[in-house]
1. Take region 1-12 and flag every residue that is over 14 Å from L128 (Cβ atoms) and surrounded by 10 or more Cβ atoms within 10 Å (Cβ to Cβ).
2. Which of the helices (runs of 4 or more DSSP H) contained wholly in region 24-107 include at least 2 residues that are under 21 Å from E139 (Cα atoms) and polar (S, T, N, Q)?
3. Look through L75, L56, L52 and report the one residue that is modelled with pLDDT of 95 or more, under 17 Å from the mean Cα position of the chain (by Cα) and at negative phi.
4. Evaluate region 11-27: report whether one residue or more is touching a strand residue (DSSP E or B) at 6+ places or on another chain (Cβ under 9 Å) and in contact (Cβ under 8 Å) with a residue 60 or more places away in the chain.
5. Within region 85-110, how many residues are under 17 Å from the mean Cα position of the chain (by Cα), crowded, with 16+ Cβ neighbours inside 10 Å and without any contact (Cβ under 8 Å) to a residue 40 or more places away in the chain?
6. Out of (1) under 19 Å from the mean Cα position of the chain (by Cα); (2) at pLDDT below 95, what's the single condition that is false for G136?
7. Regarding region 111-120, can at least one residue be identified that is surrounded by 10 or more Cβ atoms within 10 Å (Cβ to Cβ) and in contact (Cβ under 8 Å) with a residue 40 or more places away in the chain?
Amino acid sequence: MATQRPLGFWLKLVDGLINQQFDGLVEEHGVTRRQWQIMNVLTGSPSTEAELTKVLKPFFDSESDVSAAEPVAELVDSGWVADDGGQFMLTAIGRESLARLSEVVERNRTQIAEGIPEEEYDAAVDVLQRMAHNLGWSE
């Protein structure tokens with residue numbers, strides 16, 4: 001009988017696989033993961049670079065990488081985001097591109113959860129959230 005692997009093994013493995021697949025999906029459409037996240041934030045309202053950096057901070061690999069400056073500048077250069085005196089907003093092209101990307105991302109999320117009943121998926125997320133709280137995380 002095979003040795004059961006610990007929770008940390010599965011968390012790291014699944015996280016790595018999700019990241020790898022997701023990064024490949026969005027890059028096929030001409031954006032990075034950070035740019036996709038920025039575009040999603042901008043669907044709500046215009047934001048400054050500092051506001052975008054604050055929202056994205058939990059997703060950066062290290063403190064030294066925490067800045068939305070480069071990904072925002074690239075989105076402005078591509079015409080997907082406009083800069084109105086330091087307030088960034090999606091352009092019409094950016095909204096259309098994000099809509100297409102959102103369809104691709106939703107198909108990917110469906111694939112990840114394939115064969116997993118909704119209540120099991122919800123339970124897994126609930127357990128992980130409680131574990132995070134137990135380890136000191138707070139929103």
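The values are calculated or read from the model by the stated rules, or taken from the named source; none is laboratory data. Quick caveat: nothing in here was measured; it's all calculated off a predicted structure. Neighbour counts are summed over all protein chains in view; Cβ atoms, including those assigned to glycine, are modelled from backbone coordinates with ideal geometry.
1. Selection gives F9 alone.
2. On the way: elements: 33-44, 49-56, 69-78.
Per the criteria, 33-44.
3. The unique qualifying residue is L75.
4. Checking region 11-27: not a single residue is touching a strand residue (DSSP E or B) at 6+ places or on another chain (Cβ under 9 Å) and in contact (Cβ under 8 Å) with a residue 60 or more places away in the chain.
5. Residues flagged as under 17 Å from the mean Cα position of the chain (by Cα), crowded, with 16+ Cβ neighbours inside 10 Å and without any contact (Cβ under 8 Å) to a residue 40 or more places away in the chain within region 85-110 amount to 0.
6. Exception for G136: condition (1).
7. yes
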